[in-house]
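Take a look at the structure set out below.
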Amino acid sequence: MMRPENGDEFLRERARYWAETLKVRPKIVRIQRMTRKWGSCSLAGTVTLAADLAEQDPHFADYVIAHELLHLRVPSHGRVFDALLSVYFPGWRRQELIRRMGRHCDVTGADVERPIVFQPL
C-alpha cells in the first residue's frame, strides 16, 4: 500500500475506507498527538487517532482505525463487538496483542495476517 507523504491524510483516507466498509458515520475524525493510546472513540461520535499511527505497519493502523470506528456500532467490548471485528478484520486478535503491548513496542508487522477486506488505496 502506498502512503501519501502526509500522515494525517493517510489516516483520514483509511478512516473513510473503514467507515464505508463498516457502514458508520463518524461526526469527526481527529488526528492528534497521543502518548498513551493509538486511538479512541467518544459516545458523541468523535474518533481520535494518534498522529504517529501513520508511521506504524499499515495493517496495524487499519486495525486500530477499524476498531475505533466499530465502536460507533457497538460501544462496548463484548461478544458482539468481537464477532463483528472478526467478520470485517480476520486475524484481529494478533493486532490486539500488539496494541496491548503498548505504544512503545515495535509494530513492524513483518508476519502480520492480512485482513480479507483490505483494499489498497
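The values are calculated or read from the model by the stated rules, or taken from the named source; none is laboratory data. The model shown is predicted, which means the values in this text are computed figures rather than measured ones. A quick note on method: Cβ atoms are made from the backbone with ideal geometry, for glycine too, and the neighbour counts reach across all protein chains shown. To get the accessible areas, we keep the full protein, side chains included, count just its heavy atoms, and leave off ligands, DNA and RNA. Shrake-Rupley method; radii C 1.70, N 1.55, O 1.52, S 1.80 Å.
Could you grab the pairs with beta carbons closer than 7 Å, sequence gap of 6+ or different chains, first residue in segment 5-22 and touching a residue at least 24 places away in the same chain (Cβ under 8 Å) and under 15 Å from Leu72 (Cβ atoms), second one among the β-branched types (Val, Ile, Thr) and outside any helix (DSSP H, G or I)?
Here the result reads Ala15/Val29; Ala15/Val47; Thr21/Val117, each pair linking segment 5-22 to a residue that is among the β-branched types (Val, Ile, Thr) and outside any helix (DSSP H, G or I).
Filter segment 58-98 down to residues that are in contact (Cβ under 8 Å) with a residue 12 or more places away in the chain and of a type in the set (Gly, Ala, Ser) and give me whichever is most open to solvent (accessible area, probe 1.4 Å).
The extreme case among them is Gly91.
Tell me which residues, restricted to segment 40-57, are under 17 Å from Arg100 (Cβ atoms), in contact with a strand residue (DSSP E or B) (Cβ under 8 Å, 6 or more places away or on another chain) and open to solvent by 10 Å² or more (accessible area, probe 1.4 Å).
The answer is Ser40, and nothing else.
With respect to Arg36, is the statement that it is basic (Lys, Arg), assigned to a helix (DSSP H, G or I) and either surrounded by fewer than 18 Cβ atoms within 10 Å (Cβ to Cβ) or modelled with pLDDT of 95 or more (or both) true?
Against the criterion (basic (Lys, Arg), assigned to a helix (DSSP H, G or I) and either surrounded by fewer than 18 Cβ atoms within 10 Å (Cβ to Cβ) or modelled with pLDDT of 95 or more (or both)), Arg36 does not qualify.
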